[in-house]
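Here is the structure we will look at.
Nothing in this text is a laboratory measurement; each read-out follows from the coordinates by a stated rule. Because the structure is a prediction, the values reported are computed rather than measured. Cβ atoms come from the backbone with ideal geometry, glycine included; neighbour counts cover every protein chain shown.
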2 protein chains.
Amino acid sequence: MRLSKSFVKTLREAPKDELARNGALLSRAGYIHKEMAGVYDYLPLGLRVIENIKKIIREELNALGCEEVLMSSLQNPEPWEKTGRFSDQEVDIWFKTELSSGGALGLAPTHEEPMVNMLKSYISSYKDLPLYVYQFQTKFRNELRAKSGLMRGREFLMKDLYSFHASEEDLDKFYAEVEKAYARIFEKLGLGNDTYETFASGGIFAKYSHEYQTVLPVGEDTIYYNSDHSVVLNKEVYNDEVLEDLGVKGAEFAETTAAEVGNIFKLKFKYSEPLGLKFSSENNEMKTVYMGCYGIGVSRVMGVIAEKFADDKGLVWPEAVAPFKYYLVGIGENGMHEAEKWYKEHEDLVLFDDRDVRPGEKFADAELLGIPYRVVISDKTLAEESAEVTDRRTGEPRLIKLTEI
Amino acid sequence: MRLSKSFVKTLREAPKDELARNGALLSRAGYIHKEMAGVYDYLPLGLRVIENIKKIIREELNALGCEEVLMSSLQNPEPWEKTGRFSDQEVDIWFKTELSSGGALGLAPTHEEPMVNMLKSYISSYKDLPLYVYQFQTKFRNELRAKSGLMRGREFLMKDLYSFHASEEDLDKFYAEVEKAYARIFEKLGLGNDTYETFASGGIFAKYSHEYQTVLPVGEDTIYYNSDHSVVLNKEVYNDEVLEDLGVKGAEFAETTAAEVGNIFKLKFKYSEPLGLKFSSENNEMKTVYMGCYGIGVSRVMGVIAEKFADDKGLVWPEAVAPFKYYLVGIGENGMHEAEKWYKEHEDLVLFDDRDVRPGEKFADAELLGIPYRVVISDKTLAEESAEVTDRRTGEPRLIKLTEI
């Protein structure tokens, strides 16, 4: 992508009401535009980051045999009334609206009910199970406060996966596979070192659920971890009873703040029972389907990555989610000429700063934008048939042969 | 994709209230699931069709230098109040909702206002122009009636492109480029032969706008065309004055029904003026930005294609939008074995019906699903090292060497 051809430029100021560092930096760097608190537009570079995150998740889920769909935002109250969740007392973050032909509608904050309802057309026998269905979908949650940039949205992008099983053993088996896939996903997203599978409350049907918590000073959650991080607990389950149950009573636990980037949950019959999702077993008995659900906050992950790795010069993207791998600058006539040539050979990987501005401005924007490697081609580097390649994380420049970058 | 591993199967019945052929066939074939009138979920095969349509549009727009973004659905009333369009009297298809912290919001039925508003951060000088920004985004329209399947949605996917220019000449030039790109897009979508650029009402700022109308018996619009289709008019502008203006008064016009699949519009100052989108010219004068907008109804295109090409056996997809190119069936032990082998070599292109059901059922599903080519491998075809390849459109089978398909 050529910066000279893009409408986006870096801005001197973030929106005045943008208190979160991720929101402020992503706005200034031109990745997002704030519509209102908790509601953002994704500009070309921001959309590329989102698509990179989706790609990493999609590859892992497809490898497990999950199938991708796209469900609606507008929600008929009917299935939600069967589970009691259309009530504003029960779920206090609904956006509701009205059909002009009459009748209330909701904007989906999650999709258990319509997913179960839809699958009633497709599940009738044990032969139809197990099955795994996911989507990347815009969720709406009417949060009273939304001051954390992309980390708490009123409109946000989520990956939600639902699994359907004939037995609890089969649910347990798949749940364990998702745990492994999630570890790989957060590793690939660059969050592996600081993201912990964390015990959280399980609700009525399961002892525990699991959250994926990324250690972060401004995270909204509090977690407790033991010395080797083998047991990590959300504050809500950090008590003697649970510590004893997990066999770690007496161990020392430290406290930290963290941001929830995903969660997985053995729902069992929670939604399949009230909505009547049943199958006939091998013995021709009608049985209720076991369910699990598995979320990752896609836009929240973008916010957490921005927040976590940024330094005083700007954003720092891990390579796998960065919108481009290289930020290219040519200096002087020969430098520009060779940069043009190199750009054309690597177009998909390169953000080419071909604007008619001085190198200092380009270097500052390269840092604000957080592209992993800055590549500078000038007379000096060309004397060695090389470019100066600077790692955004370390700031260290290296002279590398143009043919070897 | 292996049918045995997919949750989707063909259904005997469409939803009872599904009156439109496209909706009924797409539901029965498992491409979509109806949530309510005008609101659908896209199941795995349906999502592939949507993605194929997006890919065709994206390639053409990117080639024009357009940049992709993703804007929000939730709308702050402010910019819409400046253009008068937040009023239900002015725009009667709003879905509105309420922030829990107070204040009305709307669900975007289109995006001129937020787009112009956002670009005020990025346009200040003539040097920033022209620029072209588009998105694939879910629109919400509170239609009183929605009985045409995917062809009239309350929640639907649209491509909307907006262009910004320093002069009317530059707008005219880009508009002409979009006209050519749209011709290529509808050609690639398989609708080229029956889709006409159609004169329609231009509103206050332009004499005419243009719609892209696909001839269709159940289309909701009426269009008039002359003998060589060089002049096509929407009923709303089919009158003596317009015919004279276009130099075709006295020519014979025939009437037909059609479905609008796209429209393009020279907005000029319609939104940039009330929202104050200005730039400083080369002479340092502050001038208002010229605008154009260009829509294509992505999910409607899917409905129109389904509706238009279907026959009494089911759907018939043009190759470029079909979810898969081949529907593979192996008959007998050798047939299944060779089919497995061939599948593994062409996985991305093949929907493999590896279910344990009789061939007749597979053949019927192949026709309902409308995959362009059915490939059958059996002892009989293997005797010639071949497969029987049947064209879904013509029904004609041909024996083709396995290595040559």
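With +1 on the Cβ of every Lys and Arg and -1 on the Cβ of every Asp and Glu, and nothing else charged, how large is the dipole of the protein assembly as shown about its Cα centre, in debye rounded to the nearest 20? Before the final figure, lay out the partial values.
Values: 102 positive and 138 negative charges, 87 e Å.
That gives the protein assembly as shown a dipole magnitude of about 420 debye.
Can you give the Rg to Rh ratio of segment A:182-338, both from alpha-carbon atoms, with Rh computed by the Kirkwood formula?
Values: Rg = 21.8 Å, Rh = 18.7 Å.
When Rh is taken as the Kirkwood radius, the ratio is 1.17.
Do any trypsin sites (Lys or Arg not before Pro) in segment A:205-311 lie in a DSSP loop with no more than 13 other beta carbon atoms within 10 Å, and if so, which? Mind showing how you got there, number by number?
Numbers: sites: A:K207, A:K235, A:K249, A:K266, A:K268, A:K270, A:K278, A:K287, A:R300, A:K308; in loops: A:K207, A:K249, A:K270.
Of the trypsin sites (Lys or Arg not before Pro), the ones in loops of segment A:205-311 whose Cβ has at most 13 other Cβ atoms within 10 Å are A:K207, A:K249.
Among A:G202, A:Y238, A:F140, which residue has its Cα positioned farthest towards the positive end of the charge dipole of segment A:121-248, with +1 placed on the Cβ of Lys and Arg, -1 on the Cβ of Asp and Glu, and the dipole taken about the Cα centre?
The listed residue farthest towards the positive side: A:F140.
Counting each DSSP H run of 4 or more residues in chain A as -39500 (n - 2.57), what helix-only mean residue ellipticity at 222 nm follows after dividing by all residues, to the nearest 500 deg cm²/dmol?
Value at 222 nm, helices only, nearest 500: -8500 deg cm²/dmol.
At A:D312, label 7 Å along Cα→Cβ: distances to the other copies, nm, ascending?
7.9
Work from the charge dipole of chain B (Cβ charges, +1 for Lys and Arg, -1 for Asp and Glu, about the Cα centre) and give the residue of B:F352, B:N284, B:A383 farthest towards its positive end.
Checking the options against the dipole of chain B, the answer is B:F352.
Can you order the peptides B:48-57, A:86-95 by their average number of other Cβ atoms within 10 Å per residue, highest first?
Top to bottom by mean Cβ count within 10 Å: B:48-57, A:86-95.
List, shortest first and in nm to one decimal, how far the label point of B:M286 (7 Å from Cα along Cα→Cβ) is from its counterparts in the other copies.
For B:M286, the other copies' label points sit at 7.1 nm, shortest first.
Give me the inter-chain shielding for B:97-103: mean count of other chain Cβ atoms within 10 Å, whole number please.
Other-chain Cβ atoms within 10 Å of each residue's Cβ, averaged: 6.
Could you let me know the centre-to-centre spacing of segment B:195-212 and segment B:1-79, using Cα atoms, in angstrom?
Segment B:195-212 and segment B:1-79 have Cα centres separated by 27 Å.
Over all distinct Cα pairs, what is the inverse of the mean 1/r for chain B, reported as the Kirkwood hydrodynamic radius in Å?
23.4
Which residue is it, in chain B, whose C-beta lies closest to the B-to-A rotation axis, and what is that distance in whole Å?
Closest to the rotation axis on chain B: B:T97, 2.
I'd like the mean, over residues of A:60-73, of how many other protein chain beta carbons sit within 10 Å of each residue's own Cβ.
Averaged over the peptide's residues, the number is 5.
Note down the magnitude of the dipole of chain B about its Cα centre, charges +1 on Lys and Arg C-beta and -1 on Asp and Glu C-beta and zero elsewhere, to the nearest 20 debye. Can you show the working numbers first?
Numbers: 51 positive and 69 negative charges, 184 e Å.
My answer is approximately 880 debye.
To the nearest 20 debye, what is the magnitude of the charge dipole of segment B:326-404 about its Cα centre, counting +1 on the Cβ of each Lys and Arg and -1 on the Cβ of each Asp and Glu?
Details: 11 positive and 19 negative charges, 46 e Å.
Once rounded to the nearest 20, the dipole reads 220 debye.
Determine the sum of side-chain charges near A:L243: Lys and Arg each +1, Asp and Glu each -1, restricted to other residues whose C-beta is under 15 angstrom from that of A:L243. Don't skip to the end; give the middle numbers.
Values: positive: A:K207, A:K235, A:K249; negative: A:E236, A:D240, A:E241, A:E244, A:D245, A:E252, A:E255.
Net local charge, A:L243 excluded: -4.
So for the protein assembly as shown, taking the charge dipole from beta-carbon charges (+1 Lys/Arg, -1 Asp/Glu), which of A:W317, A:L74, A:G149 sits furthest toward the positive end?
Of the listed residues, the answer is A:L74.
Given label points at 7 Å from Cα along Cα→Cβ, what nm distances, shortest first, separate A:A104 from the same residue in every other copy?
2.0
Where in segment B:116-204 are there GluC sites (Glu not before Pro) that are in a DSSP coil and have at most 15 other Cβ atoms within 10 angstrom of their Cβ?
The qualifying sites: there are none.
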